[in-house]
1. Hey, which aspartates and glutamates would be in cross-link range of residue 170, C-alpha to C-alpha under 18 Å, not counting anything within fewer than 8 residues on its own chain?
2. Fewest to most neighbouring Cβ within 10 Å: what's the order for 156, 149?
3. Starting at the first residue of region 118-129, write each ³J(HN,Hα) from the Karplus equation 6.51 cos²θ - 1.76 cosθ + 1.60 with θ = phi - 60°, in whole Hz, x for Gly and Pro.
4. Which value, in Å to one decimal place, does the Kirkwood hydrodynamic radius take for region 40-173 when every pair of different Cα atoms is included?
5. Taking H as built 1.01 Å from N, whose amide H comes closer than 5 Å to the amide H of residue 122, not counting residues under 5 places away?
6. Ranked by Cβ crowding within 10 angstrom, fewest neighbours first, how are 63, 153 ordered?
7. For the pair residue 28 and residue 89, how long in nm is the line joining their label points, each one 7 Å along Cα→Cβ?
8. For residue 119, which aspartates and glutamates qualify as cross-link partners when the Cα separation must be under 15 Å and same-chain residues fewer than eight apart are set aside?
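Values in this text are rule-based calculations from the coordinates and carry no lab data. Just so it is clear, the model here is predicted, and its values are computed rather than measured. Here the Cβ positions follow ideal geometry from the backbone for every residue, glycine too, while neighbour counts run over all protein chains shown.
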Amino acid sequence: MNTSGENKINLDERAERDILRWRALRLARSLRTAVARQRIETFLEFRMMGLRYAVYLNRVVVVRKVDDVFDLPNTPPHITGLIQHRGQAIVLISLPRFFYPNARGIADADYAMVVQVNKKRFALQVEDIEGVRPLDSASLSTPSESLASEQVVYISVVTADGLAVVDLEKVVQAEGFALS
């Protein structure tokens, strides 16, 4: 025999379950939305001029030690020379000399990072390779005025800890870059 008190408990339990189900669905939906908004980007971090830089990992073909560099006469100062990679001659670029064309001195850069940008393959001469670094796109921000004005136009984003991501597309399109 059902009493009105038992019906009320059953209705209350059912309403409570419905509310809990609704809350669970809402939380799951917001979690899926948050995960969808979070986009992980992968970079190769390196050192150059004593600072930390990175490029998108999907642009990197290979990283190798610089062995023999063949001089190229009558080229801009940022073109260090040619290196060989799997039977191909690859132009070796010094970004510090690209950023600061009037700078003098010898760069201590032991690695060549071969990259591919818009069907152009070239190598960046870097001091050291720090490794692969995944970053949440939410942790990336626009470059600040703290970067040198010569560089800031070629930096796409920075992290809170000072890692600057080089925009290789802008570098390749820059007047005077001259890769053919």
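1. Qualifying aspartates and glutamates at Cα under 18 Å: 150.
2. Ranked by crowding around the Cβ, least crowded first: 149, 156.
3. These are the phi-based 3J(HN,Hα) values: 6, 6, 10, 10, 8, 10, 9, 8, 10, 6, 7, 9 Hz.
4. Result for region 40-173 stands at 15.2 Å.
5. 115, 117
6. In order of increasing Cβ crowding within 10 Å: 153, 63.
7. Output for this residue pair reads 6.2 nm.
8. Output for residue 119: 169.
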